[in-house]
1. Would a scan of the stretch 29-44 turn up a residue that is at pLDDT 90 or above, of a type in the set (Gly, Ala, Ser) and out of contact with any Pro (no Cβ under 6 Å at 6 or more places or on another chain)?
2. Consider the stretch 79-91. How many of its residues are under 11 Å from the mean Cα position of the chain (by Cα) and open to solvent by less than 40 Å² (accessible area, probe 1.4 Å)?
3. Tell me which of these residue 88 doesn't satisfy, since it passes every other one: (1) at pLDDT 95 or above; (2) among the hydrophobic types (A, V, I, L, M, F, W, C); (3) part of a helix (DSSP H, G or I).
4. Based on what the data block shows, is residue 112 closer than 22 Å to residue 19 by Cβ, acidic (Asp, Glu) and not in a helix (DSSP H, G or I)?
5. If you take the residues of the stretch 43-62 that are touching a strand residue (DSSP E or B) at 6+ places or on another chain (Cβ under 9 Å), of a type outside the set (D, E, K, R) and touching a residue at least 24 places away in the same chain (Cβ under 8 Å), which of them is farthest from residue 96 (Cα to Cα)?
6. Quickly run through the stretch 62-80 and pick out the residues that are of a type in the set (A, V, I, L, M) and not in a helix (DSSP H, G or I).
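The values are calculated or read from the model by the stated rules, or taken from the named source; none is laboratory data. Please read all numbers here as calculations on a predicted model, not as lab measurements. A quick note on method: Cβ atoms are made from the backbone with ideal geometry, for glycine too, and the neighbour counts reach across all protein chains shown. Calculation scope for accessible area: heavy atoms of the full protein, side chains included, ligands and nucleic acids excluded. Shrake-Rupley method; radii C 1.70, N 1.55, O 1.52, S 1.80 Å.
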Amino acid sequence: VETSAIPQAYRAYFKLAMAKLAQERPSAPTGDLDLFRYVARRRDHFEEADADGDGVLKEAEYVRFAWLEHLHVQEQTGVDSPFDAELMEQGWKAMQFEGRGGVTMGDLALADRYSQ
């Protein structure tokens, strides 16, 4: 992904999120995360959090989604880390790439792409 194509709000959020992660878990075992299982569960977590079933996560729905993802990563890695709801609220604002008033599965795919 060309760096200039990444929205500034997302760049700022991602930088903050990575700094907080490094500070909270400097030696977290990332190799223990089964990425196939993580991606497979993402749609389940999205659908569970999408209370009205419209395919667009509003802020509270997104925070719920992020909580489910957080629990899944903890379960997979065995690393107990704090959940930062405020940071997730910032992420919700920064990840609305499709402009549908919330975060979609397409937005999450773009965020993954931008984060590489």
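1. no
2. Filtering the stretch 79-91 down to residues under 11 Å from the mean Cα position of the chain (by Cα) leaves 87-91.
When the remaining residues are screened for being open to solvent by less than 40 Å² (accessible area, probe 1.4 Å), the result is 87-88, 91.
Result for the stretch 79-91: 3.
3. Single failed check for residue 88: (1).
4. Working: closer than 22 Å to residue 19 by Cβ: yes; acidic (Asp, Glu): yes; not in a helix (DSSP H, G or I): no.
Here the answer is no, as residue 112 does not meet what is asked.
5. Among them, the one singled out is 46.
6. Looking only at the stretch 62-80, we keep the residues that are of a type in the set (A, V, I, L, M), and these are 63, 66, 68, 71, 73, 79.
Passing the criteria: only 79.
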